[in-house]
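Data block below; observations after.
The values are calculated or read from the model by the stated rules, or taken from the named source; none is laboratory data. Everything quoted here is computed from the prediction, not taken from an experiment. A quick note on method: Cβ atoms are made from the backbone with ideal geometry, for glycine too, and the neighbour counts reach across all protein chains shown. Accessible surface is based on the protein model in full, side chains and every heavy atom, while ligands, DNA and RNA are left aside. Shrake-Rupley method; radii C 1.70, N 1.55, O 1.52, S 1.80 Å.
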Amino acid sequence: MHVQKTVAHGGMTLAHGSFQVRETVYVCATGCTKPGPDGQPARALIQRQPEVASLLLPRSTVGYDVMTFIGVERFVHFRQREEIVTTLEQKYGLSLSSGEVSDLCGRFLVYLNALHQARAGALRRALEKDGGWPLHIDATGEDGRGTLLCAYAGWRGWALGAWKIPTERADAMLPKLRAVTALFGEPCAVMRDFGRAVTEAARDLVAGFARPIPVLGCHLHFLKDIGKDLLCKAHDALRTLFRRVAVQPRLRALARDLGRSLGTGVAEARRDVADWLAGEDDGFCPPEGKVGLAVVRALGQWVLDYPHDGSDEGFPFDRPFLDLYRRCLRSVRAVESLLRKPCDDARVRHALERLHGIVVVARSELSFHRPAQTLERRARLHDELREALRLRPKVKLAASLAAPANVNEQMLELRDVQKSVEELARSLVERRPERGPAQDEREAIDLTLEHLERHGPSLWGHAISLPPEAGGGVRLVERTNVLLECFWHEVKHGERRRSGRKVLSQDFEQLPAEAILARNLTRPDYVAIVCGTLDDLPRAFAQIDVAERSMSLPARLRHATSRATDRDGEIISASLPKADRALVRTDAMSQRVEAEARSRAPHRQSRRRAGQREHAEGGRRRPATVD
């Protein structure tokens with residue numbers, strides 16, 4: 001190798017800060033060449049300084065460690081761009097714009113995905129050492145946009161693959177899942193929810209395996225599906241009734257009016273209400289003056305606080321309008337009791353009567369009783385099934401990933417759960433009324449039994465026998481998909497923290513699928529396999545570019561993608577994806593629609609009238625022409 005030239009350029013790394021480089025470039029003295037990528041002309045064999053190549057990205061002045069720092073801050077710690085820019089400036093003395101930070105975030109994900117693919121063999125051996133891996137499948141999005149599909153190794157807590165798909169369809173999921181099994185081997189079990197698309201994809205996936213693989217249904221989703229089918233109609237009817245009579249808005253208006261009447265003495269009134277509640281008077285006569293108004297205000301607020309009766313688990317585990325109905329009935333009896341007691345303050349009595357007029361509709365309206373009674377009866381049946389399944393939806397991810405303390409105890413618990421569900425099914429068959437007015441009870445029992453019969457085979461089979469090389473014995477697959485649900489919760493919580501937005505439609509549409517793989521960097525066992533430690537991650541990225549430094553890895557991938565044929569693309573099943581929105585929102589599209597709308601083409605009605613005239617004249621109708 002002979003010296004070709006000396007190049008001067010800048011550089012910046014976390015270890016060295018900003019610096020200037022004078023780099024010697026060598027070229028082969030005999031004119032050796034190497035073939036260009038994808039059939040391009042051959043290029044001279046050039047060697048750059050290895051010290052610089054291990055620090056800086058190809059054709060860039062930014063170091064691998066800077067890119068890694070930015071990527072970890074953005075996708076692991078969910079920092080905003082301005083926060084990252086400030087930290088780089090204050091801690092390392094590096095000046096980068098927010099646009100450069102965004103570009104390096106994208107580069108980081110490309111390198112991370114390439115490293116994940118390069119270490120697939122080592123990751124596969126680790127999974128095989130465990131005796132296999134259960135595949136958890138789930139897709140998420142926000143308002144139907146930015147749908148993300150994830151393949152998750154349940155025992156390790158690793159995201160093995162993540163992709164953007166247009167919609168939840170089996171034909172979009174199946175190729176992705178097959179790509180994961182080609183890299184990491186066949187799973188020992190598949191855990192999925194009861195959506196039609198994911199059910200078909202899981203069934204077709206295991207059909208191609210050499211050995212039978214159990215496809216398990218999530219117990220929590222099973223319970224949710226039954227709960228929605230059982231309770232949704234009655235709960236919606238109750239919600240419609242409460243909205244029709246405007247109970248909540250009228251209660252809020254009452255609380256606001258009484259709050260304005262109390263004026264600046266609200267804090268003192270709260271203390272007076274607390275003293276009245278803690279009083280020794282068993283009669284609990286309504287107090288007079290502002291204290292009495294504060295008591296009425298507190299009673300109305302107690303009814304408004306009906307969500308507190310729930311467990312924050314969402315419908316169908318929480319039935320908020322049934323809780324509102326119950327509080328209305330209790331408050332009606334309480335207010336009527338207070339009105340029967342002596343009170344000389346007309347304002348307090350008027351406030352009590354106003355509160356009574358708001359909440360009494362739950363008792364006076366005959367239409368309230370029937371849906372509430374139906375909901376009560378069906379909710380008890382749903383609670384029976386939940387008790388038999390022994391499900392507690394609120395589970396922390398760290399606790400779920402912890403190694404089981406005693407597998408034998410979990411096996412016994414699983415057998416008890418199965419036995420309890422079977423006993424409940426037999427009990428429902430015996431309790432089912434054959435005739436009489438109990439039609440709703442028959443329908444509820446039949447619905448529950450139908451679900452148990454249809455999904456029963458996928459509810460059991462969680463015990464996986466481990467091979468001798470993995471130590472033998474049995475290990476259990478999670479009964480629910482809570483692991484992946486908690487994983488999605490962490491991602492969405494972090495994105496809300498970063499963006500400050502509650503609705504993440506735009507964020508999920510812009511979020512690359514490879515960002516899900518960044519969550520693996522929080523798993524020490526994954527980091528140890530792919531790079532050793534997080535401090536060694538920049539060095540692992542640099543090794544990816546050792547063979548080819550003529551352009552950066554993202555540029556090489558874009559070049560390879562641009563040469564791919566159209567038949568390699570996916571079938572777009574979404575009705576209005578992002579790329580199509582950009583097209584239909586152009587000025588040219590609007591102008592073309594307006595131009596066609598103002599065109600001089602004859603109207604259909606005009607053509608019909610012309611045909612009628614020709615028929616009346618007895619002439620032969622000629623085809624209509626367009627000027």
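Show me the helices (runs of 4 or more DSSP H) entirely contained within the stretch 382-466 in which 2 or more residues are surrounded by 15 or more Cβ atoms within 10 Å (Cβ to Cβ) and at pLDDT 90 or above. Explain how you work it out, then say what you get.
On the way: elements: 397-401, 407-431, 439-455.
Counting at least 2 such residues, we get 407-431, 439-455.
Identify all residues within the stretch 166-223 that are closer than 12 Å to Leu135 by Cβ and polar (S, T, N, Q); write none if there are none.
Matches in the stretch 166-223: Thr181 only.
Look at the stretch 341-363 and say how many of its residues are assigned to a loop (DSSP other than H, G, I, E, B) and either within 50 Å of the chain's Cα centre (by Cα) or modelled with pLDDT of 90 or more (or both).
Initial filter on the stretch 341-363 (assigned to a loop (DSSP other than H, G, I, E, B)): 341-345, 360.
After this cut, where a residue has to be either within 50 Å of the chain's Cα centre (by Cα) or modelled with pLDDT of 90 or more (or both) as well, the list is 360.
Result for the stretch 341-363: 1.
List pairs: first residue in the stretch 376-391 and farther than 24 Å from Arg415 by Cα, second residue among the β-branched types (Val, Ile, Thr) and buried (at least 20 other Cβ atoms within 10 Å of the Cβ) anywhere in the structure, Cβ distance under 7 angstrom, at least six positions apart or on different chains.
From the stretch 376-391, no pairs qualify.
Can you tell me which condition Ala151 does not meet? The list is (1) of a type in the set (A, V, I, L, M); (2) within 22 Å of Leu553 (Cα to Cα); (3) in contact with a Leu (Cβ under 6 Å, 6 or more places away or on another chain), and all the others hold.
(2)
Do we have any residue at all in the stretch 304-327 that's within 33 Å of the chain's Cα centre (by Cα), at pLDDT 90 or above and within 24 Å of Lys290 (Cα to Cα)?
Yes, there is a match, as at least one residue in the stretch 304-327 is within 33 Å of the chain's Cα centre (by Cα), at pLDDT 90 or above and within 24 Å of Lys290 (Cα to Cα).
Scan the stretch 207-215 and give yes if some residue there is within 25 Å of the chain's Cα centre (by Cα) and open to solvent by 40 Å² or more (accessible area, probe 1.4 Å), otherwise no.
From the stretch 207-215, those within 25 Å of the chain's Cα centre (by Cα) are 215; that's our starting set.
Then keep just the ones that are open to solvent by 40 Å² or more (accessible area, probe 1.4 Å); that gives none.
Looking for residues that are within 25 Å of the chain's Cα centre (by Cα) and open to solvent by 40 Å² or more (accessible area, probe 1.4 Å), one finds none in the stretch 207-215, hence no.
If the Cβ limit is 6 Å and pairs must be 6+ apart or interchain, which residue in the stretch 336-361 that is farther than 17 Å from Ala298 by Cβ pairs with which residue that is open to solvent by less than 70 Å² (accessible area, probe 1.4 Å) and modelled with pLDDT of 90 or more?
The qualifying pairs are Val360/Val332; Val361/Val245.
Take the residues in the stretch 494-516 that are out of contact with any strand residue (DSSP E or B) (no Cβ under 9 Å at 6 or more places or on another chain) and part of a loop (DSSP other than H, G, I, E, B); name whichever of them is surrounded by the most Cβ atoms within 10 Å (Cβ to Cβ).
Restricting to residues being out of contact with any strand residue (DSSP E or B) (no Cβ under 9 Å at 6 or more places or on another chain) and part of a loop (DSSP other than H, G, I, E, B), the top hit is Arg501.
Consider only pairs whose beta carbons are under 7 Å apart and that are at least six residues apart or on different chains; among these, list those whose first residue lies in the stretch 246-266 and is farther than 12 Å from Val359 by Cα and whose second residue is open to solvent by less than 20 Å² (accessible area, probe 1.4 Å) and among the aliphatic types (A, V, I, L, M).
Close Cβ pairs satisfying both conditions: Leu258/Leu293; Leu258/Val296; Leu258/Ala351; Ser261/Leu293; Leu262/Ala269; Leu262/Leu293; Leu262/Ala294.
Would you confirm whether or not the stretch 479-493 contains a residue that is part of a helix (DSSP H, G or I), open to solvent by 30 Å² or more (accessible area, probe 1.4 Å) and out of contact with any Leu (no Cβ under 9 Å at 6 or more places or on another chain)?
Going through the stretch 479-493, the residues part of a helix (DSSP H, G or I) turn out to be 482-493.
With open to solvent by 30 Å² or more (accessible area, probe 1.4 Å) added as a condition, the list becomes 485, 489-490, 492-493.
Filter once more, so that each one left must be out of contact with any Leu (no Cβ under 9 Å at 6 or more places or on another chain): 493.
Looking for residues that are part of a helix (DSSP H, G or I), open to solvent by 30 Å² or more (accessible area, probe 1.4 Å) and out of contact with any Leu (no Cβ under 9 Å at 6 or more places or on another chain), one finds at least one in the stretch 479-493, hence yes.
Does Arg256 satisfy being assigned to a helix (DSSP H, G or I) and open to solvent by 50 Å² or more (accessible area, probe 1.4 Å)? Break it down into steps so the answer makes sense when it comes.
Values: assigned to a helix (DSSP H, G or I): yes; open to solvent by 50 Å² or more (accessible area, probe 1.4 Å): yes.
When the stated conditions are applied, Arg256 passes them.
Do you know which of the residues in the stretch 38-59 that are loosely packed, with under 10 Cβ neighbours inside 10 Å and in a loop (DSSP other than H, G, I, E, B) is modelled with the highest pLDDT?
Checking each candidate, the answer is Pro41.
Output the residues belonging to the stretch 78-98 that are open to solvent by 50 Å² or more (accessible area, probe 1.4 Å), assigned to a loop (DSSP other than H, G, I, E, B) and touching an Asp or Glu at 6+ places or on another chain (Cβ under 9 Å).
If the condition is that a residue be open to solvent by 50 Å² or more (accessible area, probe 1.4 Å), assigned to a loop (DSSP other than H, G, I, E, B) and touching an Asp or Glu at 6+ places or on another chain (Cβ under 9 Å), then Arg79, Ser95 are the ones that fit.
Please list, ordered by residue number, the strands (runs of 3 or more DSSP E) wholly in the stretch 99-216 having 3 or more residues that are of a type in the set (Gly, Ala, Ser) and at positive phi. Don't jump to the end; show me each part of the working.
On the way: elements: 134-142, 145-153, 158-164, 189-192.
Once the strands (runs of 3 or more DSSP E) in the stretch 99-216 are filtered for at least 3 residues that are of a type in the set (Gly, Ala, Ser) and at positive phi, nothing remains.
Can you run down the residue pairs with Cβ atoms below 7 Å, 6 or more apart or on separate chains, where the first is in the stretch 134-148 and farther than 11 Å from Leu511 by Cβ and the partner is in a strand (DSSP E or B) and among the polar types (S, T, N, Q)?
Ala139/Thr147
Give me a count of the residues in the stretch 290-318 that are open to solvent by less than 30 Å² (accessible area, probe 1.4 Å), of a type outside the set (Ser, Thr, Tyr) and closer than 23 Å to Leu352 by Cβ.
Residues meeting the conditions: 7.
To keep it simple, each residue is scored yes or no on (1) hydroxyl-bearing (Ser, Thr, Tyr); (2) farther than 30 Å from Leu135 by Cβ; (3) without any contact (Cβ under 8 Å) to a residue 60 or more places away in the chain.
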residue	(1), (2), (3)
Asp416	no, no, yes
Ile445	no, yes, no
Glu453	no, no, yes
Ser458	yes, no, no
Gly461	no, no, no
Leu466	no, no, no
Gly472	no, no, yes
Arg475	no, no, no
Glu485	no, no, no
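Of the conditions (1) part of a loop (DSSP other than H, G, I, E, B); (2) touching a helix residue (DSSP H, G or I) at 6+ places or on another chain (Cβ under 7 Å), Leu521 clears all except one; give me its number.
Exception for Leu521: condition (1).
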